[in-house]
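Read the structure below first, then the notes.
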Amino acid sequence: MEEKRELSLKHMRILKTELTRFLMTYKFGLDELNTKIDILKQEFQYVHDYNPIEHVKSRIKTPESILKKIYRKGYELSLPSIKENIQDIAGIRIVCSFVSDIYKLSEMLQNQKDIKTIKCKDYIKNPKPNGYQSLHLILQVPVFMSDRVEDICVEVQIRTIGMDFWASLEHKIYYKYNKEVPKHLTDELREAAISVAQLDKKMENINKAVNSFKEADNPEYELQEIFIDDKSFYLPDEFLRVW
Ligand code: 0O2
């Protein structure tokens, strides 16, 4: 009896180590992708004096939520099965100002040599029946561990501020009503989603108009005066920003 208990404790310890190691690889995958996103953000800011990213949030699914999904979808309960079937264990949400930024960013990420696109679901061009809009990518990144390389899937959701606002409220309502939302609210949510899409379009057009005005009005480089040893020099604004 004692021997059996010892064995199961040992087994549990091994399982716990395996699970921790398993989830750690997803954290590293997130770190890797977050670094890539941060580089794009900083580079954009310096070179183009413009930041397409409003904010970024990331999360690792809890073991409980992973198990619920495995159970809901009827997959086998094992680590290889979780790895193969649950592609959103690691998730990043990027919120952009404009719809064009979403596609720009998505292309820049997908064009990186060490990133492989596993899936792309465009709920902006094809919103869900409830009105949900967002661009979903499942991206695979290599994670270099001490003894092996793991290819890790990360779900990246890219959306505008308006789409994010809508999704947070819809999520709150969905859980408040325990997934049985009254019809008048689902109708209003659908209408609100249409308003969000219209507002996004308007903001994009205003931004385009402002950009073309800036390009027409200003020379390519604005020269900045700097002083070294009391001598005055003129340097392009771009140069000062980078250095
Ligand atoms: P959480 O806690 O946000 O992660 P698949 O994963 O491809 O087998 P699934 O789960 O339908 O199938 O994938 P999909 O459609 O790409 O959606 C995954 C995630 O998108 C969800 O994660 C939500 O975060 C978000 N999402 C999708 N549809 C809606 C929606 O109608 N409303 C809101 N608010 N969010 C949505 P999880 O796993 O549900 O939860």
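The values are calculated or read from the model by the stated rules, or taken from the named source; none is laboratory data. Because the structure is a prediction, the values reported are computed rather than measured. Using ideal geometry, Cβ is built from the backbone for each residue, glycine included, and neighbour counts are taken over all protein chains shown.
Data for the structure
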| read-out | value |
| --- | --- |
| Residues satisfying the stated conditions in segment 178-223, i.e. at pLDDT 85 or above and among the basic types (Lys, Arg) | Lys183, Arg190, Lys201, Lys202, Lys208 |
| Test: residue in segment 111-127 that is touching a Pro at 6+ places or on another chain (Cβ under 8 Å) and within 13 Å of the ligand (Cβ to nearest atom) | no |
| Ile138 vs. criteria near the ligand (Cβ under 10 Å from one of its atoms) and surrounded by 18 or more Cβ atoms within 10 Å (Cβ to Cβ) | no |
| Positions within segment 127-155 being among the polar types (S, T, N, Q), in contact (Cβ under 8 Å) with a residue 24 or more places away in the chain and either touching a helix residue (DSSP H, G or I) at 6+ places or on another chain (Cβ under 8 Å) or assigned to a loop (DSSP other than H, G, I, E, B) (or both), in sequence order | Asn130, Gln133, Ser134 |
| Every pair of residues 6+ apart whose Cβ atoms lie under 6 Å, when the first sits in segment 53-76 and is among the aromatic types (Phe, Trp, Tyr) while the second is more than 10 Å from the ligand (Cβ to nearest atom) | Tyr75/Ser81 |
| Residue, farthest from Leu30 (Cα to Cα), within segment 47-60, restricted to residues that are within 11 Å of the ligand (Cβ to nearest atom) and loosely packed, with under 15 Cβ neighbours inside 10 Å | Lys57 |
| Test: residue in segment 156-177 that is assigned to a loop (DSSP other than H, G, I, E, B), modelled with pLDDT under 95, of a type in the set (A, V, I, L, M) and surrounded by 10 or more Cβ atoms within 10 Å (Cβ to Cβ) | no |
| Filter result (surrounded by 17 or more Cβ atoms within 10 Å (Cβ to Cβ) and within 13 Å of the ligand (Cβ to nearest atom)) within segment 61-86 | Lys61, Ile66, Ile70, Ile82, Ile86 |
| Filter result (at pLDDT below 95, more than 21 Å from Val141 (Cα to Cα) and not basic (Lys, Arg)) within segment 56-97 | Pro63, Glu64, Ser65, Leu67, Ile70, Tyr71, Gly74, Tyr75, Glu76, Leu77, Ser78, Ser97 |
| Flag for Val181 being buried (at least 16 other Cβ atoms within 10 Å of the Cβ) and assigned to a strand (DSSP E or B) | no |
| Residue list for segment 141-153, restricted to those being under 16 Å from Asp31 (Cα atoms) and either touching a Gly at 6+ places or on another chain (Cβ under 7 Å) or away from the ligand (no atom under 13 Å from the Cβ) (or both) | Val141, Pro142, Val143, Phe144, Met145, Val149, Glu150, Asp151, Ile152 |
